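Enquirer: First, the structure itself, so that you have it in front of you.
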Amino acid sequence: MKVAVIGAGQLGRMLALAGYPLGLSFEFYDRTADTPGGQVGPIVSGEFDDLARLEQLARRADVVTFDWENVPVSSLEPLVRHAPVYPQPAALAVAQDRLLEKTLFRDLGIPTPPFAPVDLRQDLEAAVTRIGLPGILKTRRFGYDGKGQARIRTRADIATAWTALGGEPLIYEGFVRFSRELSLIGARSSRGEVAFYPLADNVHAHGILSVTRAPVRSAPLQRAAQRHMRAILDHFGYVGVLAIEFFVERGRLVANEMAPRVHNSGHWTIEGAETSQFENHLRAILGLPLGSTAARGYAAMQNFVGRLPARAAALAVPGLHLHDYSKREARPGRKLGHATVVAGSARAREAALRRLQRLR
Ligand code: AMP
């Protein structure tokens, strides 16, 4: 069976690496061939709005998926005539727009930070008055890893935030004084089977995920997160892996965003769970039985952003699993790889993580 993957970044690469043992084949699509995915499978290069080329790709595939959230929905919708496209373009359309996303959360009874759409400067003034300070002004589209955001602490910050972001569709959100950030990853197969991983705890640096620890052992939070995710899965009749990022505020989950794809905070599942998020995404979109999502121990994942440790030094750390995405260029803020450690207890995990972090 052949899976077409639109976008050939590290997520697509790890998807293929998980699929080869199952006997699957892959074909990637991206702007250039020299990509992490293109190094592990055949790749067609073309623009993301080149419908003729994308349709040819879909005709050769049993299923189409994507590893990049900014693939135009209008490029995916016509492909369903040739092969199923999972996750469904309708779910991607919502995830691409922070206003649609938060509105859906609210409609499904999932708590969110207070929010208001902002198109004009006077909308921002009104939103700050209604929601209060501090808050964050964000672009509705194309924001990721903290990009396209401006903090507003006092009314004096309104002008600077407006100069930085004004002119595109925006959303103003009340600032959540969270104690931690958690994410839930789940999967729903095309046959309707659903599975959830244990919650993961995420620490960000400069708006980019730095460390994930899993499992988070909290039955009430796990139950609440699963209830919220199930509402979204049911709403779309969703197929594939879905991630939701939550803040924990006074013991309660507040949803920040969802990602209709495998997610950086799920990389720990490659070695830390019975079945990785990548394998379960493939099982889900191909209508195969989902694999167990149980944790194998206590895992920590450290992202390597901007710089990779020396390979020999990393591999000298006992129990360390290295993932080098083989990107040609190291740039500040670019995710180049990650490493995972899995231990028998939370305390042993912390010791292993400290050894791993000394590499940097
Ligand atoms: P995002 O691009 O929405 O995932 O935001 C990146 C990071 O900014 C999040 O992981 C949080 O650490 C922080 N952040 C985003 N929105 C809020 C909010 N409403 N309140 C507090 N922190 C936020």
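The values are calculated or read from the model by the stated rules, or taken from the named source; none is laboratory data. On a predicted model such as this, the values are computed, not experimentally measured, just so you know. Virtual Cβ from ideal backbone geometry, glycine too; neighbours counted across all protein chains shown.
Enquirer: If I go through segment 152-177 residue by residue, how many of them are without any contact (Cβ under 8 Å) to a residue 40 or more places away in the chain, surrounded by fewer than 17 Cβ atoms within 10 Å (Cβ to Cβ) and in contact with a Ser or Thr (Cβ under 8 Å, 6 or more places away or on another chain)?
Expert: Counting residues in segment 152-177 that are without any contact (Cβ under 8 Å) to a residue 40 or more places away in the chain, surrounded by fewer than 17 Cβ atoms within 10 Å (Cβ to Cβ) and in contact with a Ser or Thr (Cβ under 8 Å, 6 or more places away or on another chain) gives 1.
Enquirer: Touching a helix residue (DSSP H, G or I) at 6+ places or on another chain (Cβ under 9 Å), part of a loop (DSSP other than H, G, I, E, B) and crowded, with 24+ Cβ neighbours inside 10 Å - does that describe any residue in segment 272-282?
Expert: Checked segment 272-282: at least one residue is touching a helix residue (DSSP H, G or I) at 6+ places or on another chain (Cβ under 9 Å), part of a loop (DSSP other than H, G, I, E, B) and crowded, with 24+ Cβ neighbours inside 10 Å.
Enquirer: Identify the residue in segment 199-210 that is near the ligand (Cβ under 9 Å from one of its atoms) and touching a Lys or Arg at 6+ places or on another chain (Cβ under 9 Å) and, among all such residues, is nearest to Val118 (Cα to Cα).
Expert: Filtering segment 199-210 for residues that are near the ligand (Cβ under 9 Å from one of its atoms) and touching a Lys or Arg at 6+ places or on another chain (Cβ under 9 Å), the one nearest to Val118 (Cα to Cα) comes out as Gly207.
Enquirer: While we're looking at this one, here's another question. Please verify whether segment 223-242 includes one or more residues that are more than 24 Å from Gly143 (Cα to Cα) and within 16 Å of the ligand (Cβ to nearest atom).
Expert: Taking every residue of segment 223-242 in turn, none turns out to be more than 24 Å from Gly143 (Cα to Cα) and within 16 Å of the ligand (Cβ to nearest atom).
Enquirer: OK, next. Considering (1) free of Cβ contacts under 8 Å to residues at least 40 places away in the same chain; (2) in a strand (DSSP E or B), say which one Glu257 fails and leave the rest.
Expert: Unmet for Glu257, out of (1) free of Cβ contacts under 8 Å to residues at least 40 places away in the same chain; (2) in a strand (DSSP E or B): (1).
Enquirer: Give the residues of segment 128-144 that are farther than 30 Å from Arg227 by Cα and crowded, with 16+ Cβ neighbours inside 10 Å, sorted by residue number.
Expert: The one that is farther than 30 Å from Arg227 by Cα and crowded, with 16+ Cβ neighbours inside 10 Å: Val128.
Condition check ((1) under 16 Å from the mean Cα position of the chain (by Cα); (2) over 18 Å from Ala95 (Cα atoms)) across all residues:
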| position | (1), (2) |
| --- | --- |
| Arg250 | no, yes |
| Met258 | yes, no |
| Trp268 | yes, yes |
| Leu290 | no, yes |
| Ala295 | no, yes |
| Gln302 | yes, yes |
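Enquirer: Considering only segment 286-300, I want to know if a residue exists there that is among the aromatic types (Phe, Trp, Tyr), outside any helix (DSSP H, G or I) and within 16 Å of Pro87 (Cβ to Cβ).
Expert: No, segment 286-300 contains no residue that is among the aromatic types (Phe, Trp, Tyr), outside any helix (DSSP H, G or I) and within 16 Å of Pro87 (Cβ to Cβ).
Enquirer: Same structure again: Could you list all residues from segment 10-29 that are of a type in the set (Gly, Ala, Ser) and touching a residue at least 60 places away in the same chain (Cβ under 8 Å)?
Expert: Passing the criteria: Ala18, Gly19.
Enquirer: With (1) within 15 Å of the ligand (Cβ to nearest atom); (2) surrounded by 24 or more Cβ atoms within 10 Å (Cβ to Cβ) as the list, and Arg250 as the residue in question, which single condition is left unmet?
Expert: Only one criterion is unmet by Arg250, namely (2).
Enquirer: In the same structural domain as Ala348 (by TED's automatic domain parsing), surrounded by fewer than 20 Cβ atoms within 10 Å (Cβ to Cβ) and either more than 15 Å from the ligand (Cβ to nearest atom) or not small (Gly, Ala, Ser) (or both): does that describe Arg217?
Expert: Judged against the criteria, Arg217 is a match.
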